[in-house]
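K.L.:
Next up is a structure, given as structure tokens.
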Amino acid sequence: MAIANDALAATGRRKQASARVTIVPGSGKITVNGETFEKYFDTEAVRGFILQPLQLTGKEKALDITASVKGGGKKGQAGAVRHGIARALVKMYEDECKGILKANGMLTRDPREKERKKPGQPGARKRYQFSKR
């Protein structure tokens, strides 16, 4: 994928999802994996979650965003896109955006991962019922 001279790219991650986000000055168009933003992320809550960094910095209608996402589920992918957008905004507008995004926790990668299943048990934390007799 060729990147234009005025474009900036950043990587965002959450759980098993990884997103490569490219931002370019434009009109506010967002594309995810070749589809429109509204078609790929179908719930309003998830779309609002992704747009948070743009709304906090006031750049919703100033940038065109292209994201390539793989791995994980829809909510993990949404978190990865949000993280990538925040990191790209800091690259482009460091002096005006970094403080706002950092204060709202958008530059920190969410470190929580799925806990592994333990042997001899039905899940990570669940246990078979104990029988004394």
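The values are calculated or read from the model by the stated rules, or taken from the named source; none is laboratory data. Just so it is clear, the structure is predicted and the values come from calculations on it, not from any experiment. Heads up, the Cβs are rebuilt from the backbone with ideal geometry, glycines too, and the neighbour counts pull from every protein chain shown.
K.L.:
Consider the range 63-116. How many of its residues are assigned to a helix (DSSP H, G or I) and β-branched (Val, Ile, Thr)?
P.N.:
Of the residues in the range 63-116, the ones assigned to a helix (DSSP H, G or I) are 74-92, 94-103.
From what's left, β-branched (Val, Ile, Thr): 81, 85, 90, 100.
Of the residues in the range 63-116, 4 are assigned to a helix (DSSP H, G or I) and β-branched (Val, Ile, Thr).
K.L.:
While we're on this one: Count, please, the residues in the range 55-97 that happen to be at pLDDT below 90 and either closer than 26 Å to GLN16 by Cα or of a type in the set (Lys, Arg) (or both).
P.N.:
Residues flagged as at pLDDT below 90 and either closer than 26 Å to GLN16 by Cα or of a type in the set (Lys, Arg) (or both) within the range 55-97 amount to 2.
K.L.:
Does the range 91-98 contain at least one residue that is of a type in the set (Ser, Thr, Tyr) and loosely packed, with under 12 Cβ neighbours inside 10 Å?
P.N.:
No, every residue in the range 91-98 fails to be of a type in the set (Ser, Thr, Tyr) and loosely packed, with under 12 Cβ neighbours inside 10 Å.
K.L.:
Take the range 89-133 and flag every residue that is hydrophobic (A, V, I, L, M, F, W, C) and closer than 25 Å to GLN77 by Cα.
P.N.:
LEU89, VAL90, MET92, CYS97, ILE100, LEU101, ALA103, MET106, LEU107, ALA124
K.L.:
Take GLU60 and decide whether it is over 19 Å from THR11 (Cα atoms) and not in a loop (DSSP other than H, G, I, E, B). Walk me through it before giving the result.
P.N.:
Working: over 19 Å from THR11 (Cα atoms): yes; not in a loop (DSSP other than H, G, I, E, B): no.
No, not satisfied.
K.L.:
Restricting to the range 1-42, count the residues that are more than 24 Å from THR108 (Cα to Cα), assigned to a strand (DSSP E or B) and small (Gly, Ala, Ser).
P.N.:
The total comes to 0.
K.L.:
I'm told LEU54 meets every condition in (1) under 18 Å from ASN104 (Cβ atoms); (2) loosely packed, with under 12 Cβ neighbours inside 10 Å except one. Can you identify the failing condition by its number?
P.N.:
(2)
K.L.:
Cβ contacts < 8 Å: first residue within 11 Å of MET92 (Cβ to Cβ), restricted to the range 58-70; second residue at pLDDT below 90 and of a type in the set (Ser, Thr, Tyr), any location; separation 6+ or different chain. Result?
P.N.:
Note: pairs meeting the criteria are LYS59/TYR93.
K.L.:
Would you confirm, using the coordinates I've provided, whether ALA2 is modelled with pLDDT under 95 and surrounded by fewer than 17 Cβ atoms within 10 Å (Cβ to Cβ)?
P.N.:
Here the answer is yes, as ALA2 does meet what is asked.
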